[in-house]
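The values are calculated or read from the model by the stated rules, or taken from the named source; none is laboratory data. The model shown is predicted, which means the values in this text are computed figures rather than measured ones. Glycine gets a Cβ as well: all are built from the backbone with ideal geometry, and neighbour counts include every protein chain shown.
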Amino acid sequence: MKVCTDAALFGAWVAVKFSSGKLVNENVLDIGTGTGLLSLMLSQQLSIKVEAVEVDHPAYEQAMGNIALSPWNNQIRVIHKDILAYVPDHSYGLIISNPPFYPNDLKSGHMQKNLAKHESNLSLSTLFGKSIQWMDPSGYLALLLPAHREGKAIQEADRLGMHLCYKALVRQTPGHAPFRTMLIFSRAPSATESEDISIKSDNFYTQDFISLLRPYYLYL
């Protein structure tokens, strides 16, 4: 799977939100790690221990290779398992996921892409249900979703007594409608901090984008 700009933006945004030692529990779960991108980005910035779970074997092997070659390989353990069969023996201070989406869209003929992009293997309802079981009482759940699924995610969170504490709408440019939403939920009630991030303006990366991605991109 390719590394997408919106996924990189998500990893950087989440790392900033927790850069001030906000995580009481240093254990992090990355659901559907893919290339290992989110695990690597968080480990670069935070003192954490990550368990990165991936069901697809070629993606698992790719994540293993990427992480083994990184300076943060001692912080990340990659697990080849279906998250539906995963049984952790501890709670997590942060659960992060760029989960399957496009639930009603036409599927491709590529099985790995279907697993990565469609929710037939992991619904939002299941993802929230598992997360509430495994989160530390002081923990957080961070999700990257298509913008039109924000309402469904908030509905699932409300159902389980979780609260939206951070939200960012992502646009290609200021003139485009949002195409992604980045959400962070917690058990504790709080006011929602909202922001709007555009990737480009006038064919150049915006200052918001540059500020978030400069620690990771070589040429920003």
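Go through 50, 24, 55, 78 for me and flag whichever is within 15 Å of the chain's Cα centre (by Cα) and of a type in the set (Val, Ile, Thr).
50
Tally time: how many residues in the range 162-183 are surrounded by 20 or more Cβ atoms within 10 Å (Cβ to Cβ), under 14 Å from the mean Cα position of the chain (by Cα) and free of Cβ contacts under 8 Å to residues at least 60 places away in the same chain?
Within the range 162-183, residues that are surrounded by 20 or more Cβ atoms within 10 Å (Cβ to Cβ), under 14 Å from the mean Cα position of the chain (by Cα) and free of Cβ contacts under 8 Å to residues at least 60 places away in the same chain number 2.
Sort out for me the strands (runs of 3 or more DSSP E) sitting completely within the range 1-100 that have 3 or more residues that are in contact with a strand residue (DSSP E or B) (Cβ under 6 Å, 6 or more places away or on another chain), without any contact (Cβ under 8 Å) to a residue 12 or more places away in the chain and surrounded by fewer than 20 Cβ atoms within 10 Å (Cβ to Cβ).
It comes to none.
Residue-wise test of (1) closer than 26 Å to residue 136 by Cβ; (2) of a type outside the set (Phe, Trp, Tyr); (3) at pLDDT below 95; (4) in contact with a Gly (Cβ under 9 Å, 6 or more places away or on another chain).
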| position | (1), (2), (3), (4) |
| --- | --- |
| 53 | yes, yes, no, yes |
| 56 | no, yes, yes, yes |
| 64 | no, yes, no, yes |
| 75 | yes, yes, no, no |
| 96 | yes, yes, no, yes |
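Anything in the range 176-190 that is among the aliphatic types (A, V, I, L, M) and over 8 Å from residue 164 (Cα atoms)? List them, or say none.
Answer for the range 176-190, where residues must be among the aliphatic types (A, V, I, L, M) and over 8 Å from residue 164 (Cα atoms): 177, 182, 188.
Applying the selection to the range 164-198, what residues are aliphatic (A, V, I, L, M) and touching an Asp or Glu at 6+ places or on another chain (Cβ under 8 Å)?
168, 169, 170, 183, 197
Looking at 174, 178, 215 in this structure, which one is in contact with a helix residue (DSSP H, G or I) (Cβ under 8 Å, 6 or more places away or on another chain), assigned to a loop (DSSP other than H, G, I, E, B) and over 20 Å from residue 94 (Cβ atoms)?
178
So that you can scan it fast, the table gives a plain yes or no per residue for (1) within 30 Å of residue 70 (Cα to Cα); (2) among the small types (Gly, Ala, Ser); (3) within 19 Å of the chain's Cα centre (by Cα):
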position	(1), (2), (3)
150	no, no, yes
156	no, no, yes
190	no, yes, no
198	yes, yes, yes
210	yes, no, no
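Of all residues in the range 128-152, how many are in a helix (DSSP H, G or I) and either touching a strand residue (DSSP E or B) at 6+ places or on another chain (Cβ under 6 Å) or at positive phi (or both)?
So the count comes out to 4.
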